[in-house]
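The values are calculated or read from the model by the stated rules, or taken from the named source; none is laboratory data. Only a predicted model underlies this, so the values are computations on that prediction, with no experimental measurement involved. Here the Cβ positions follow ideal geometry from the backbone for every residue, glycine too, while neighbour counts run over all protein chains shown.
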Amino acid sequence: MTLKQVYEHTLHDLSIFDQGNLHVDEFNHHANRAVVNTANKIYNLFNLSQQTSDDLQVLKKTLTVSTIGSDPNELQYISGARYKTSLPADYYHLLNCVVTYTLQSDYKCFRVGDEEIRPVKRLTSDMSSRILRDAFHKPNWKRPYYIIKGTENQIKNDWSVAGPLDPNPEYIVRAQGSEIGHNSFVDTDTDTIANVNYGPTIEINYGSDISVFLISLLEIDYIKVPYYLRLTPSQMEDIADSSPIMEFPDYVCHEIIKEIVKLVLENRQDPRIQTYSPVNETIARGASAQGQQ
């Protein structure tokens, strides 16, 4: 389904309520809000049923980091058994995290050079202080933790006079298809112009000793930022459809269309929104997800 088809289907549903006049700027605004709203609703139930897993299949990506160094996209050593790396610019929500250790020496049933894979658990801020002296839950090679943090390269306030790091305008003005979801930039060629965009930082903590178990691979499954949608007046008027193709399957596009219609009706304070939502509810996500756990 193309973006113009989404616009036409939206107009068709709105025409039933005598509200078929939808300017292209207004449509772009509501379309992007609808995509985010739909993605958030599905993510809350992600992997609880096959339906919800299929809904966001196009947004699922994998990040693999296998090099230790000082670059933001490498594993950077902090201290003890703590490492960090930057998540991609299109990072939206994390699904899971797995580390692979390479044995540096013989240890119990392991031999030097063996690889051991362990799932990484989420560490919240309140947990971090509580488990420091908890022998059963403190970080170690068997029980690694991750925590999502901000970055040191965020553009703040007036970016045009930000000082030594000014972002490239292409990162500020979002074009059709853009997947940039963060304002964290890095100056890779030291010309004071930011030319690489990153997401937040993920920190891995597995204790204080790396002499035996050393991280050699970090794999992260995550949900990426949905494409930014922009329909132009010329694309809307042309008979031949040259508008962008939606990244979602058609059945998810129809859910997005319903969300756009609801946003428009709410924005115009049309009381018939009370009947539109129940009549067009075809997927009882909460009930189906609970029943298929």
Counting residues that are among the basic types (Lys, Arg), which helices (runs of 4 or more DSSP H) fully inside region 180-281 reach at least 2?
-> 250-267
Within region 42-52, residues in contact with a helix residue (DSSP H, G or I) (Cβ under 7 Å, 6 or more places away or on another chain) and surrounded by 14 or more Cβ atoms within 10 Å (Cβ to Cβ) come out as 42, 45, 46, 48, 49, 51, 52
List the pairs whose first member sits in region 24-36 and is among the hydrophobic types (A, V, I, L, M, F, W, C), whose second member is outside any helix (DSSP H, G or I) and surrounded by fewer than 22 Cβ atoms within 10 Å (Cβ to Cβ), and whose Cβ atoms are under 7 Å apart, counting only residues at least 6 apart or on separate chains?
-> 24/231; 27/231
For residue 86, indicate whether it is touching a Pro at 6+ places or on another chain (Cβ under 7 Å) and either within 11 Å of residue 213 (Cβ to Cβ) or small (Gly, Ala, Ser) (or both).
-> yes
Looking at region 39-52, which of its residues are outside any helix (DSSP H, G or I) and of a type in the set (Phe, Trp, Tyr)?
-> 46
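Yes or no, residue by residue, for (1) more than 24 Å from residue 121 (Cβ to Cβ); (2) among the charged types (D, E, K, R); (3) surrounded by fewer than 17 Cβ atoms within 10 Å (Cβ to Cβ):
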site: 180; (1), (2), (3): yes, no, no
site: 194; (1), (2), (3): yes, no, no
site: 209; (1), (2), (3): no, yes, yes
site: 225; (1), (2), (3): yes, no, no
site: 234; (1), (2), (3): yes, no, yes
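Yes/no per residue for (1) assigned to a strand (DSSP E or B); (2) surrounded by 15 or more Cβ atoms within 10 Å (Cβ to Cβ); (3) in contact with a strand residue (DSSP E or B) (Cβ under 7 Å, 6 or more places away or on another chain):
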position: 37; (1), (2), (3): no, yes, no
position: 54; (1), (2), (3): no, no, no
position: 58; (1), (2), (3): no, yes, no
position: 64; (1), (2), (3): yes, no, yes
position: 71; (1), (2), (3): no, no, no
position: 87; (1), (2), (3): yes, yes, yes
position: 94; (1), (2), (3): yes, yes, yes
position: 99; (1), (2), (3): yes, yes, yes
For residues in region 113-154 being in contact with a strand residue (DSSP E or B) (Cβ under 7 Å, 6 or more places away or on another chain) and among the hydrophobic types (A, V, I, L, M, F, W, C), which is surrounded by the fewest Cβ atoms within 10 Å (Cβ to Cβ)?
-> 117
Looking at region 116-136, is at least one residue modelled with pLDDT of 85 or more, more than 30 Å from residue 25 (Cβ to Cβ) and either of a type in the set (Phe, Trp, Tyr) or in the same structural domain as residue 37 (by TED's automatic domain parsing) (or both)?
-> no
